[in-house]
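Right, one structure below, let's go through it.
Values in this text are rule-based calculations from the coordinates and carry no lab data. Everything quoted here is computed from the prediction, not taken from an experiment. Cβ sites come from the backbone with ideal geometry, for glycine too, and all protein chains shown count toward neighbours.
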C-alpha cells in the first residue's frame with residue numbers, strides 16, 4: 001500500500017460512537033439514525049449492530065448539516081444532492097474533459113429520475 005493510500009485508509013477508520021458524533025456535530029442521535037436509515041451515510045457496525053463513525057462519515061454529516069440548516073433541504077433533497085456530489089467527487093483530479101463531461105451528464109441524469 002502506498003503512503004497516500006495508507007493515509008486515505010486511515011481516514012476511513014471508524015472510531016467514533018454515535019454519542020461522540022452527536023457531540024461533534026450537534027446532531028441528536030435519532031437524527032443520525034434517521035440519516036442512516038435514509039441511506040445518506042453508512043457507518044460501520046460492531047458486533048451487536050452498534051454504529052461507529054469515521055472521519056469521512058463526520059465530514060459527510062457536516063455537509064448534510066449545512067444543506068439542512070443553511071439550504072433548507074429535506075431528506076429527498078439531501079439524497080439527490082449527495083448523489084450528485086458523490087458522482088462528481090468520484091472523478092479523478094487528473095481526469096480528462098471526456099471524463100468530466102460523462103460525470104456531469106450522469107449527475108444531470110440523477111436530477112431527471
**Message:** With the crude spin-label approximation of a point 7 Å out along Cα→Cβ, what separation in nm comes out for residue 102 versus residue 15?
**Reply:** 3.6
**Fill in**
By Cβ neighbour count within 10 Å, fewest first, 51, 63 rank 63, 51
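Just rank 105, 54, fewest to most, by other beta-carbon atoms within 10 angstrom.
105, 54
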**Item:** Candidates 91, 13, 68, ranked by Gaussian network fluctuation over the chain, Cα under 10 Å, top entry
**Value:** 91
**Prompt:** Picking from 38, 95, 76, which is most flexible by a Gaussian network model of the chain using Cα springs under 10 Å?
**Reply:** 95
**Request:** Could you work out the mean projected area of the convex hull around the alpha carbons of region 74-113, in square nanometres to one decimal?
**Result:** 2.6
**Prompt:** What's the exposure ranking of 110, 40, 46, going from fewest to most Cβ atoms within 10 Å?
**Reply:** 46, 110, 40
**Item:** the chain, relative contact order [Cα under 8 Å, separation at least 6], %
**Value:** 22
**Complete:** Using the Kirkwood formula on alpha carbons, the hydrodynamic radius of the chain in angstrom works out to 15.6
**Request:** Compute the FRET efficiency between residue 34 and residue 69 as 1/(1 + (r/R0)^6), taking r as their Cβ-Cβ distance and R0 = 22 Å, and round to the nearest 0.05.
**Result:** 0.90
**Item:** Choice from 97, 84, 75 with maximal GNM fluctuation in the chain (Cα, 10 Å cutoff)
**Value:** 97
